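For reference, the structure discussed in these notes is given below.
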Ligand SMILES: N[C@@H](CCC(=O)N[C@@H](CS)C(=O)NCC(=O)O)C(=O)O
């Protein structure tokens, strides 16, 4: 560790200064809505309020996989929630997700409608509802749940920890970058060892845990997120790369990745999806 800090934490933390860095304009220490606004509702059974980040992509990929299997009940409207402008703090969004984070799902095919928030809970809800991508055998299901919850517990160290301090913080600090780079590399090694003897995370069959883990760690090893591929030497995790490529080749994954994406090459953007034809 090289730098020293002059910051001395006060006795009681108060919210009186912007912390700086990307997202500092939307970060705040209180929950609840900031403004009154209802959410739009479309014509399909599933109403998704999201953005094409790794957490959002998990759900659109799964919905596309379910549609590919012929489940009409998985037809969905995907509305764009722009987290940069604070849309996650509207009263309508907070009703669907009191935690004000994308993705949030409203299943209007139940009476009353069912709200689901937290991407892992949404995936589990959809997999159980349609009886797909979730093993039935209790031991196999336990393995699938283990990797799904592994992703939910691990990715905050990648995104909120490593990504934040390596790419978004207003200054580079060695201590947090060191700590989170070490953890992310350990996580990649966990995946790499598991995938050295298995085609998919749980064995021979693709399931929701692969979709969840791919959305974060597949993206990391294939797409240089946080501009960190060289720094983390992602090329050395060969089994993770082999597995991520295999998942990425799936047509439903290709479609799901593009939904709720208002960035990137214009011809690939699908800010909202209300019909299959919206994804060209
Ligand atoms: N554990 C949550 C995390 C969701 C999350 O962090 N979403 C981010 C975008 S990837 C978000 O909505 N951020 C807005 C904010 O923090 O205000 C999940 O998996 O659904």
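Here, each number is a calculation from the coordinates, and none is a lab measurement. Quick caveat: nothing in here was measured; it's all calculated off a predicted structure. Note: ideal-geometry Cβ built from the backbone for every residue, glycine included; neighbour counts use all protein chains shown.
For a label point 7 Å from the Cα of residue 12 along Cα→C-beta, name the residues of the range 23-42 whose backbone N is under 19 Å from it.
Only 29-31 fall inside the zone, counting backbone N under 19 Å.
From zero up to wherever the largest Cα-Cα distance of the range 90-229 sits, split into 5 Å bins and tell me the percent of pairs in each.
Result, from short to long distances: 2, 9, 16, 18, 16, 16, 12, 7, 3, 1, 0 percent.
Rg to Rh ratio, the range 14-109, alpha-carbon atoms and Kirkwood radius? List each step's numbers first, then the result.
Details: Rg = 15.2 Å, Rh = 14.5 Å.
Radius of gyration over Kirkwood radius for the range 14-109 works out to 1.05.
Pop the C-beta distance of residue 82 and residue 230 into the FRET formula with R0 = 35 Å and round what comes out to the nearest 0.05. Each step should come with its number before you reach the end.
Values: r = 31 Å, r/R0 = 0.89.
So, using R0 = 35 Å, E works out to roughly 0.65.
If you average the C-alpha positions of the range 29-96 and of the range 181-207 separately, how far apart do those two centres end up, in angstrom?
One Cα centre to the other: 29 Å.
Is it possible to state the helix-based mean residue ellipticity at 222 nm for the chain, with each DSSP H run of 4+ residues giving -39500 (n - 2.57), the sum divided by total residues, to the nearest 500 deg cm²/dmol? What is it? Numbers along the way, then the final one.
Working: 9 runs with 104 residues, N = 280.
Mean residue ellipticity, 222 nm, calculated: -11500 deg cm²/dmol.
So which residue, out of 26, 83, 247, gets the largest mean-square fluctuation from a GNM of the chain using Cα contacts under 10 Å as springs?
26
Over the range 138-249, what is the mean sequence separation of C-alpha contacts under 8 Å (at least six apart), divided by residue count, expressed as relative contact order in percent? It would help to have the intermediate numbers written out before the result.
Details: 95 pairs, mean separation 33.7, N = 112.
The normalised contact order for the range 138-249 reaches 30 percent.
Using 0.36 nm per residue, how much length does the chain from residue 125 to residue 276 gain when fully extended, once their Cα-Cα distance is taken away? Mind showing how you got there, number by number?
Details: separation 151, 0.36 × 151 = 54.36 nm, distance 2.21 nm.
Separation in residues times 0.36 nm, less the Cα-Cα distance, equals 52.2 nm.
How much FRET efficiency would the formula 1/(1 + (r/R0)^6) give for residue 242 and residue 136, where r is the Cβ-Cβ distance and R0 is 30 Å, rounded to 0.05?
Working: r = 28 Å, r/R0 = 0.92.
The pair residue 242/residue 136 has a calculated efficiency of 0.60.
Using the 10 angstrom Cβ neighbour count as an exposure proxy, how do 226, 175, 217 rank, fewest first?
Details: 226 18, 175 12, 217 27.
Going from least to most buried by this count: 175, 226, 217.
Using 7 Å Cα-to-Cβ label points, what is the residue 143/residue 182 separation (nm, one decimal)?
With each label placed 7 Å out from Cα toward Cβ, I get 3.2 nm.
Wrap a convex hull around the Cα atoms of the chain, take a quarter of its surface area, and give that in square nanometres. It would help to have the intermediate numbers written out before the result.
Values: hull surface 67.2 nm².
So the Cα hull casts an average projection of 16.8 nm².
Using Cα springs under 10 Å in a Gaussian network model of the chain, which residue among 23, 79, 165 shows the largest mean-square fluctuation?
Comparing 23, 79, 165 in the GNM, the peak value goes to 23.
Can you sort 230, 64 so the residue with the fewest Cβ neighbours within 10 Å comes first? Mind showing how you got there, number by number?
Values: 230 9, 64 24.
Placing the least packed residue first, the sequence is 230, 64.
Quick one: if the Förster radius is 41 Å, what FRET efficiency do residue 198 and residue 24 give, using the C-beta to C-beta distance and rounding to 0.05? Display every interim value, and only then the final one.
Values: r = 41 Å, r/R0 = 1.00.
The calculated FRET efficiency here is 0.50.
Take the chain, connect every pair of alpha-carbon atoms lying under 10 Å apart with a spring to form a Gaussian network, then pick out the residue of 100, 228, 139 with the largest mean-square fluctuation.
Result for the chain, Cα springs under 10 Å: 139 fluctuates most.
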